[in-house]
1. Touching a strand residue (DSSP E or B) at 6+ places or on another chain (Cβ under 9 Å) and acidic (Asp, Glu), is that true of residue 182?
2. Kindly indicate whether any position in region 179-198 is assigned to a loop (DSSP other than H, G, I, E, B), farther than 14 Å from residue 117 by Cβ, away from the ligand (no atom under 13 Å from the Cβ) and among the charged types (D, E, K, R).
3. For residues that are polar (S, T, N, Q) and over 18 Å from the mean Cα position of the chain (by Cα), scanning just region 163-209, find the one that is nearest to residue 264 (Cα to Cα).
4. Within region 205-240, can you find the residues that are in a helix (DSSP H, G or I) and at pLDDT below 95?
5. When you go through 33, 67, 119 one by one, which is the residue that is touching a strand residue (DSSP E or B) at 6+ places or on another chain (Cβ under 8 Å), within 14 Å of the ligand (Cβ to nearest atom), of a type in the set (A, V, I, L, M) and assigned to a helix (DSSP H, G or I)?
6. Given the criteria in a helix (DSSP H, G or I) and either without any contact (Cβ under 8 Å) to a residue 60 or more places away in the chain or buried (at least 24 other Cβ atoms within 10 Å of the Cβ) (or both), does residue 263 qualify?
7. Filter region 255-303 down to the residues that are basic (Lys, Arg) and over 19 Å from residue 207 (Cα atoms), then identify the one that is nearest to the ligand (Cβ to nearest atom).
8. Which one is surrounded by the fewest Cβ atoms within 10 Å (Cβ to Cβ) among residues in region 266-301 that are touching a Cys at 6+ places or on another chain (Cβ under 8 Å) and assigned to a strand (DSSP E or B)?
Amino acid sequence: MDYARILREIAEEVRPLVGQGRAAEYIPPLARVPRDRFGMVVRTVDGEVFAVGDAGERFSIQSIAKVFGLTLAMRLEGDAVWKRVGREPSGSAFNSLVQLEVEHGIPRNPFINAGALVVLDLILSHQPDGVDLVLDFVRHAGAESPVGYDAAVAAAERATGHRNRALAHFLKSFGNLGNDPDRVLDAYFLLCSISMSCAEIAAAFQYLATGGLSATGERVATERQVKRVNAVMLTCGVYDEAGDYAYRVGLPAKSGVGGGVVAVMPGRFVATVWSPCLSEKGNSLAGTMALELLTTKTALSIF
Ligand code: GLU
């Protein structure tokens, strides 16, 4: 497969879409990222890396980090995770309060904000430095370079996170948060502000394409866990656009409001794409098209 040529073609073909749509303006530092950025990486399960555009530039990975949180929680708690959070698409906004009220404090899935708060609560109950544990996991899985938080993004998350505060207190009122809500929120704001490049994300997600082996060949998840994380990504990973993604891209994927999307082709590759402007539903506009072109041009998808 000539991934280098395919990526060059994709970069060319998505160019008209780059800069269209809107950045996530509710988190001010994200609104200041130049709109013309586009980067993409394909990393094969053999560790070969193909890149185009701004693939080495770090950006705010936002909700992509929720996948690391879920994997870690599954390692710590096994199937008990699913007593506290569901695994169905939400069909609502990722920060919806109404759904949580109607469903008595059990978030629909671990990738909406309420679900990620519960996942972090589980992690914090095992380990007081819960988010450091997530970063350790990322370093372990990706191994190539030290990864950290973007302090400006973390501060903005804290300053503007009123809805997330409401969700955390709601969860607490339903008895689905063991720790102090402020502690869980602190961890959540840090989690959202992890900064990585497309290349670093692709390396850190390698375990989801290899049945659990990290970029350095270490086992970081079981095959059973990998199957389940990929399934939740397919059904719940791209906000309220999972059906469209399955139709157009055909791969489990997770996006974030920073404009990153990571997609997994089990047994073959991880693809990561970044372009900051988003569709109405909150997924990178150029990024989604790039992934659709990738599965079309390679004729590879899980379907
Ligand atoms: N920090 C964002 C929020 O809580 C994360 C959103 C996302 O990427 O889905 O609103």
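1. Judged against the criteria, residue 182 is not a match.
2. no
3. Among those that are polar (S, T, N, Q) and over 18 Å from the mean Cα position of the chain (by Cα), it is 176.
4. Across region 205-240, the qualifying residues are 239, 240.
5. One residue alone meets the criteria, 67.
6. no
7. 281
8. 284
The values are calculated or read from the model by the stated rules, or taken from the named source; none is laboratory data. Here the structure is a predicted model, which means the values were calculated and not measured. Don't worry about glycine lacking a Cβ; one is built from the backbone with ideal geometry, like all the others, and counts go over all protein chains shown.
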